[in-house]
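Trainee: Can you read through this structure? Questions will come right after.
We did not get these values from a lab; they are worked out from the coordinates using the rules stated. On a predicted model such as this, the values are computed, not experimentally measured, just so you know. Cβ atoms come from the backbone with ideal geometry, glycine included; neighbour counts cover every protein chain shown.
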Amino acid sequence: RAAPVVTKELPLKEGLSTTINTTAIKTVDEFAGQWDAFKFAPIRESQVSRAMTRRYFKDLDTYAESDIVVIGAGSCGLSTAYMLARARPDLKIAIIEGGVAPGGGAWLGGQLFSAMIMRKPADAFLRELGVPYEEEGNYVVVKHAAVFTSTLLSKVLSFPNVKLFNATTVEDLITRPLPNGEGVRIAGVVTNWTLVSLHHDDQSCMDPNTINAPIIVSTTGHDGPFGAFSVKRLVSMQQIEQLGGMRGLDMNTAEDAIVKRTREVVPGLIVGGMELSEVDGANRMGPTFGAMALSGVKAAEETLRVFDQ
Ligand code: AHZ
């Protein structure tokens, strides 16, 4: 006989009480010496499924119309999202990150070393976050890049008006013709699960999803398998003629240039961080992160200026 179809949550098995000893535990110190009596509060597997999926699908619904989409959750994207969410709790901010682990290249310093260097005056951003650092004169040192990235990430995710969709790739940009007929404005993003995006060459037609937003901030890093996504797409859409291409390493030139050039590149699309180095040909700075933080601060300011116009 076919198994009966379960249409509603089954009650917990009789005899499983929710008032077990360990639910009275309030602090981890109270576990000491009580392991023989230890027991988790009971659960049914479907409760776990529903607790996750209900929230995720509600978020997809809520953020299908976002106020701002940040593409890329590296050091620049996270700094941008932090400043935006702090300034405007009334705005819905979606972050789309292709990787499972947000943070981009900011989990380690140069050549996989631990320390993160920030040149002054970017130490102001560390004080804003409460990230400890050592003073070294013109620059400061965070003992491990992960302290910066994990602190920034946890603060960004704590804002109620921010949703991070990780393991999700921006595959394309939504466009609208400008009223004068010359060019387009960017009006949203086209997304897919990253694992799906990686298989367009060997599976046919796996259509994407969309998010509408009046302003997109692209911070997808310098060119590479995933990098410089939006500006490369602007070239193939003939919205900018060509890319200048990232130039060789010069810390002094590069960091100032990236912050100064952080701007709206085409209507509705602000570009920040190392993706900008590809637009008009800026030097790279290598393992120093002040420009990423301050490009994020400026990208947030530019975004709100355009948003409020
Ligand atoms: O996974 C990417 C990374 O986390 C993500 N990303 C890229 N393309 C994407 C797409 N959809 C969704 N199409 C995408 N996510 O974007 C993030 C970029 O982070 P990053 O750390 O590479 O860029 P950044 O500009 O924030 O920081 C650059 C750090 C560098 S590189 C460098 C040098 O080589 O000189 N110096 C510094 C400080």
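Trainee: How far is helix 75-87 tilted, in degrees, relative to the longest principal axis of the Cα atoms in the chain, given as a value from 0 to 90 rounded to the nearest 10?
Mentor: The angle comes out near 80 degrees.
Trainee: Ok, one more. Fewest Cβ neighbours within 10 Å first, please rank Met251, Met118, Met83, Met52 accordingly.
Mentor: Values: Met251 17, Met118 25, Met83 22, Met52 10.
The order, fewest Cβ neighbours first, is Met52, Met251, Met83, Met118.
Trainee: Using only Cα atoms and rounding to the nearest 10 degrees, what angle (0 to 90) does helix 290-307 make with the longest principal axis of the chain?
Mentor: The answer is roughly 90 degrees.
Trainee: Each label point is 7 Å from the Cα along the Cα-to-Cβ direction; what then is the distance between the points at Asn166 and Gln238, in nm?
Mentor: Taking the simple label geometry, Asn166 and Gln238 are separated by 4.0 nm.
Trainee: Which ³J(HN,Hα) values in Hz, rounded to whole numbers, follow from the phi angles of region 163-174 under the Karplus curve 6.51 cos²θ - 1.76 cosθ + 1.60, where θ = phi - 60° and Gly and Pro get x?
Mentor: Result, ordered by residue: 10, 9, 9, 9, 6, 10, 9, 7, 8, 6, 10, 7 Hz.
Trainee: Additional query: Which far-off residues, 5 or more places away or on another chain, put their amide H under 5 Å from the one on Arg185, with H placed in the peptide plane?
Mentor: Arg176, Leu178
Trainee: Work out, step by step, the length gained on full extension between His200 and Lys120: first 0.36 nm times the residue separation, then minus their alpha carbon distance; give nm to one decimal. Walk me through the intermediate numbers first.
Mentor: Values: separation 80, 0.36 × 80 = 28.80 nm, distance 4.39 nm.
Extending this stretch completely gives an extra 24.4 nm.
Trainee: Something else about it: How would Ile43, Ile211 line up from fewest to most surrounding beta-carbon atoms within 10 angstrom?
Mentor: Ile43, Ile211
Trainee: Taking chymotrypsin sites (Phe, Trp or Tyr not before Pro) as candidate sites, keep only those in a DSSP loop with at most 15 other Cβ atoms within 10 Å, then name the longest stretch of the chain containing none of them.
Mentor: With a cap of 15 other Cβ atoms within 10 Å, the longest stretch comes to 114-309.
Trainee: Taking 22 Å as the cut-off for C-alpha to C-alpha distance, list the pairs among Lys26/Lys58; Lys120/Lys143; Lys120/Lys260; Lys143/Lys298; Lys58/Lys92 that go past it.
Mentor: Lys26/Lys58; Lys143/Lys298
Trainee: Return one number: the angle in degrees, 0 to 90 and rounded to the nearest 10, between the long axis of the Cα atoms of helix 145-158 and the longest principal axis of the Cα atoms of the chain.
Mentor: Once rounded, one gets 70 degrees.
Trainee: Taking the radius of gyration and the Kirkwood hydrodynamic radius from Cα positions alone, what is the Rg/Rh ratio for the chain, to two decimal places?
Mentor: Reported Rg/Rh (Cα atoms, Kirkwood Rh): 1.06.
Trainee: Which aspartates and glutamates does Lys163 reach when only Cα atoms under 16 Å apart count, and residues fewer than 8 places away in its own chain are ignored?
Mentor: Cα-Cα hits under 16 Å: Asp59, Asp61, Glu65, Asp67, Asp90, Glu97.
Trainee: Can you give the FRET efficiency to the nearest 0.05 for Asp61 and Thr151, using r as the Cβ-Cβ distance and R₀ = 22 Å?
Mentor: Given R0 = 22 Å and the Cβ-Cβ separation, E is 0.15.
Trainee: Give the longest segment of the chain that steers clear of trypsin sites (Lys or Arg not before Pro) in DSSP loops with at most 11 neighbouring Cβ atoms within 10 Å, not counting the sites themselves.
Mentor: 40-309
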